[in-house]
Amino acid sequence: MSSTKERLAALLEQRYGAAQPKPENIIWTPQVDAMLSHKSVRTFLPDALPEGALETMVAAAQSASNSSGLHQWSVVAVTDKALKQTLADTVARTVPTDRIPYLEEAPVLLLWVADLSRGAEITREKGAEPVVFDYLDSFLMASVDASLAAQNAAIAAESMGLGIVYMGLMRNAAREVAELINLPPHSFAVFGMVVGKPDSTRASSIRPRPAQPVVLHYNQYDRGRYRDYLDGFEEAFLDFRTTQNMKPRTWQEAVCESATSMDYMGGREHLRETVQQRGFKLK
Ligand SMILES: Cc1cc2nc3c(=O)[nH]c(=O)nc-3n(C[C@H](O)[C@H](O)[C@H](O)COP(=O)(O)O)c2cc1C
């Protein structure tokens, strides 16, 4: 077994790639090891999750901080194969491919919900109107809390040897998804998360990130600094794509495409109407 130092060096090499500067003062803990080892999994075995895995993930999710202790999120675990297939087919209609294989393969889809519905009911039962929920901040608060909960659940899942991939694609068909899982007013599925046992025969690699100065600023935002690190990141990005047999393109091309292509939006350009129909006024 390699020493901690060797393992750290190997993980940093994968996380940042050969050409980029790496932090040299990482404080190693088992949790840091787990988080630096993260990679999305898109190839799953059909096996059910181990007994207790879902409940463990939800306990981890509930242990995340949440805004004002209001518990404004929920998670819908889709374990029914037929429902999961319907969701997969619904979302697949919004993208150029006609199937979402990782969603079909994995045993569970978790839909993470920004959920003001309980708060609205509790408030109305007290004879008051939840006027604060009409504001954008309430929607953001619930969405942030759902995201923090989901990420804790992801880390818990990975610590149990499971794999996850988030599915923002679920928002492409936000209205249909909400109907299919019977979401009440004042709730909205922010994203999905596919969970299952990774198929190690079709494993992916750790995906590189830009060097730390691209994202880490001290005291004042340093606007132009990221430019000094673009070449190194492009090299790591290309190396990753080559090892994954993905067609070569630069990260900056990917950024530009995501910022300009309405195909990339895949239906999410109508999200504001859907969210408002679900009861969030977004004032
Ligand atoms: C909110 C969110 C939504 C995502 N949606 C999708 C998705 O719909 N389909 C997909 O294949 N990956 C999706 N991803 C995974 C990202 O593509 C992935 O995390 C990113 O490329 C970094 O790779 P890594 O997770 O392997 O480090 C999503 C990630 C996040 C955080």
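The values are calculated or read from the model by the stated rules, or taken from the named source; none is laboratory data. Everything numeric here is computed off the predicted structure, so don't read it as measured data. When we count neighbours, we look across all protein chains shown, and the Cβ atoms used for this are built from the backbone with ideal geometry, even at glycine. Surface areas here come from the heavy atoms of the whole protein model, side chains and all, with no ligands, DNA or RNA. Shrake-Rupley method; radii C 1.70, N 1.55, O 1.52, S 1.80 Å.
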Quickly run through the range 69-85 and pick out the residues that are touching a residue at least 24 places away in the same chain (Cβ under 8 Å) and under 16 Å from residue 193 (Cα atoms). 73, 74, 75, 76, 77, 78, 79, 83, 84
Which count do you get for residues in the range 188-211 that are away from the ligand (no atom under 16 Å from the Cβ) and among the polar types (S, T, N, Q)? 1
Please specify each residue of the range 117-135 satisfying the condition of being surrounded by 14 or more Cβ atoms within 10 Å (Cβ to Cβ), free of Cβ contacts under 8 Å to residues at least 24 places away in the same chain and acidic (Asp, Glu). 121
Residue under evaluation residue 94, criteria (1) of a type outside the set (A, V, I, L, M); (2) open to solvent by less than 30 Å² (accessible area, probe 1.4 Å); (3) over 20 Å from residue 63 (Cα atoms), criterion not met: (2)
Looking at the range 71-97 only, could you name the residues that are over 27 Å from residue 144 (Cα atoms) and part of a loop (DSSP other than H, G, I, E, B)? 80, 93, 96, 97
May I ask you to list the residues in the range 10-27 that are open to solvent by less than 60 Å² (accessible area, probe 1.4 Å) and on the phi < 0 side of the Ramachandran plot? 10, 11, 12, 15, 16, 19, 20, 22, 23, 26
Could you grab me the full set of residues in the range 136-183 that are more than 13 Å from the ligand (Cβ to nearest atom), open to solvent by less than 60 Å² (accessible area, probe 1.4 Å), of a type outside the set (Gly, Ala, Ser) and within 25 Å of residue 46 (Cβ to Cβ)? 162, 181
Within the range 34-63, the residues that are more than 15 Å from the ligand (Cβ to nearest atom) and part of a loop (DSSP other than H, G, I, E, B) are 45, 46, 47, 48, 49, 50, 51, 52, 63
Here are some conditions: (1) of a type outside the set (Gly, Ala, Ser); (2) exposed (fewer than 15 other Cβ atoms within 10 Å of the Cβ); (3) in contact (Cβ under 8 Å) with a residue 40 or more places away in the chain. Residue 99 meets all but one. Which one does it not meet? (3)
Selection count, the range 225-283, where residues are modelled with pLDDT under 95, open to solvent by 80 Å² or more (accessible area, probe 1.4 Å) and not in a helix (DSSP H, G or I): 3
